[in-house]
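Here is the structure we will look at.
Read-outs: derived from the displayed coordinates by stated rules, not from any lab. As the structure is a prediction and not an experimental result, all values here were calculated from the model. Reconstructed Cβ throughout: ideal geometry from the backbone, glycine too, with neighbour counts over all protein chains shown.
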Amino acid sequence: MSKIVTLEKALENVKDGMTVMIPGFMGVGTPETLVDGLIEKGVKDLFVICSDTARPERGIGKLIVDNRVKKLIASHIGTNKVTGEKMNAGEIDVTLVPQGTLAEKIRAGGAGLGGVLTPTGIGTVVEEGKQRIEVDGKQFLLELPLKADVALIRGSKVDKAGNVWYEGATRNFNPMMATAADIVIVEAEEIVEIGEIDPNNVVTPGIFVDYIVKGEK
Amino acid sequence: MDSREIIARRVAKELNDGDIVNLGIGMPTKVSDFIPDDVEVILQSENGFVYMGPAPQEGQEDDNIVNAGGLPVTVKTGASFFDSAVSFGIIRGGHVDATVLGALQVDEKGNLASWMIPGKMVPGMGGAMDLVVGAKKVIIAMEHTAKGRPKILKECTLPLTAVNEVDLIVTEICVIEVTKEGLVLKEVAEGVTVEDVQEVTEAALIIPENVKTMDIGL
């Protein structure tokens, strides 16, 4: 069965109220076609897990502005003032997580780990409600894994088996998110034949990918 | 010369040949303009690469290569790209020799507040908490006061970024080292006295016998 489907077909998997992971760093590495598709489709009350909410007109920022997000986990929202406004108005429930911790929570979710121990956030508000664990005399916080119903990722080159290669700094949260969701949809800047990406250069193995949608550059 | 350039010039002298360095967004980014030609510093960008180069010439921008502030940059020979887990593994794992960050407040225990003002500004901590905990040396580059009010305090009043992690504070008027005993005034800018610095610093400064004049490489 081919993994290549239309945008509409792929997004049938995203329903109101679902938890959705969306990668990207200030929009770089975010699947814009899939995000636009979500807005077009009218999905709402999403729980979005992402690194940042980019800018109002870009990437995840568009979902915020269009009131599609009810709950958000992110490390940074400062570049999109709409997120802060909606957070202060009580329209979006925002949890801020240190960026490195967020990466590890997602990795743990995808790797079957019960959590990770990190020194980041000790003695700050990040510690509130978390367990402190001492290892070899050093203090760590127990950070629990994150999982999602759907991950919307973006590949620069994707072969027909779903193997993904990422160009430059587009990689960021894509590889971890691809492992941590029940359904993984990849937006491909370019779809190539199997074998065109050297197996040595595959970053996300195709076994993680359920659907491929052709995107734009 | 404006304060920001003085600070950037002085911070640049803290970086050693071969160091892996992460420069924060804003003023810290300016430090790279003043690194001497005979010092090669490997810049890490926490969104996923090392050997970051300067901004490209107009028209040469690559949408896929931006710094942690989202601005177009270049990569130098030797560069590699990686995901955010590896990137923060580099940071948290102690593989970054120095990070240079701005601050809202620093206190005499080396505590840092840099990521939110409750009720006013809540941008999120981004990668700052990991950087401050993980980098071997944490250099704070900031103007000495904010609207005339001290930023170097007895105790931070804003939510902390990290506890007891700051090593050095560089402002336009002085260089302060954070030690177990407290804040040691190491250098003052030309034309600035020790008393001038103490006047705009809430925390008590430890004044060694020999306070040097700040060298900004001119």
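Under a 5 Å amide H cut-off, with hydrogens placed 1.01 Å from N, A:ILE49 pairs with A:VAL20, A:MET21, A:ILE22, A:ILE73 among residues at least 5 apart or on other chains. Near the amide H of B:GLY53, within less than 5 Å, lie the amide hydrogens of B:THR74, B:VAL75, B:LYS76, all on another chain or at least 5 residues away, with H placed in the peptide plane. Each residue of the stretch B:28-37 was assigned a 3J(HN,Hα) from its phi angle through the Karplus curve 6.51 cos²θ - 1.76 cosθ + 1.60 (θ = phi - 60°); the sequence is x, 4, 5, 4, 5, 5, 10, 6, x, 4 Hz, with glycine and proline shown as x. Taking the longest Cα principal axis of chain A as reference, the axis of helix A:99-111 is set at about 60 degrees.
Computed from Cα positions, the angle between helix A:32-41 and the longest principal axis of chain A comes to roughly 90 degrees.
Distance from the Cα centre of the stretch A:183-216 to that of the stretch B:152-218, in angstrom? What the calculation gives is 52 Å, centre to centre. Taking chain A as a Gaussian network of alpha-carbon nodes connected by springs under 10 Å, the highest mean-square fluctuation of the residues A:GLY61, A:GLY137, A:GLY206 belongs to A:GLY137. Under the simplified labelling scheme, the B:ASP63-B:GLU155 pair shows an inter-label distance of 5.1 nm, with each label point 7 Å from Cα along Cα→Cβ. What the phi angles of the stretch B:163-170 give under the Karplus curve with 6.51, -1.76 and 1.60, with θ = phi - 60°, is a coupling list of 9, 6, 10, 6, 9, 9, 10, 10 Hz, glycine and proline written as x. Shape analysis of the stretch B:78-204 based on the Cα gyration tensor places the equivalent ellipsoid semi-axes at 27, 17, 13 Å, largest first.
Which of rounded, prolate or oblate describes the stretch A:1-49 when judged by the alpha-carbon gyration tensor and an a/c cut-off of 1.5? Here the stretch A:1-49 falls in the oblate category. Normalised by the number of residues in the stretch B:3-213, the mean separation of alpha-carbon contacts (under 8 Å, six or more apart) gives a relative contact order of 18 percent.
Once the Cα atoms of helix B:3-12 and of chain B are each reduced to a long axis, what angle between those two axes, in degrees from 0 to 90 to the nearest 10, is obtained? So the inclination is approximately 70 degrees.
Residues whose amide H comes within less than 5 Å of that of A:ILE153, counting only those at least five positions distant or on another chain, are A:ILE185, A:VAL186, A:GLU187 (H built at 1.01 Å from N in the peptide plane). Of the residues B:GLY102, B:GLY148, B:GLY70, the one that moves most in a GNM of chain B with alpha-carbon contacts below 10 Å is B:GLY148. What the phi angles of the stretch A:187-200 give under the Karplus curve with 6.51, -1.76 and 1.60, with θ = phi - 60°, is a coupling list of 8, 9, 5, 9, 9, 10, 5, 4, x, 6, 9, 4, x, 5 Hz, glycine and proline written as x. Can you classify chain A as rounded, prolate or oblate using the Cα gyration tensor, where a ≥ b ≥ c are the square roots of its eigenvalues, rounded means a/c under 1.5, and otherwise it's prolate if a/b beats b/c and oblate if not? Judged from the Cα gyration tensor, chain A comes out oblate (a/c at least 1.5, b/c at or above a/b). Just tell me which lysines come within less than 19 Å, Cα to Cα, of B:LYS13; anything on the same chain fewer than 8 places away is out. The reachable lysines, counting only those whose Cα sits under 19 Å from B:LYS13, are B:LYS30, B:LYS136, B:LYS137, B:LYS186, B:LYS212.
Is the protein assembly as shown rounded, prolate or oblate when judged by the Cα gyration tensor, a ≥ b ≥ c being the square roots of its eigenvalues, rounded requiring a/c under 1.5 and prolate requiring a/b larger than b/c? Because a/c hits 1.5 or more and a/b exceeds b/c, the protein assembly as shown counts as prolate. Calculated mean residue ellipticity at 222 nm for chain A: -5500 deg cm²/dmol, from DSSP H runs with n ≥ 4 weighted as -39500 (n - 2.57), summed, divided by the residue count and rounded to 500.
Size of chain B: Rg and Dmax of its alpha carbons, in Å, are 17.2, 54. Annotation for the stretch B:162-218: trypsin sites (Lys or Arg not before Pro) lying in DSSP loop with at most 10 further Cβ atoms inside 10 Å of their Cβ are B:LYS180.
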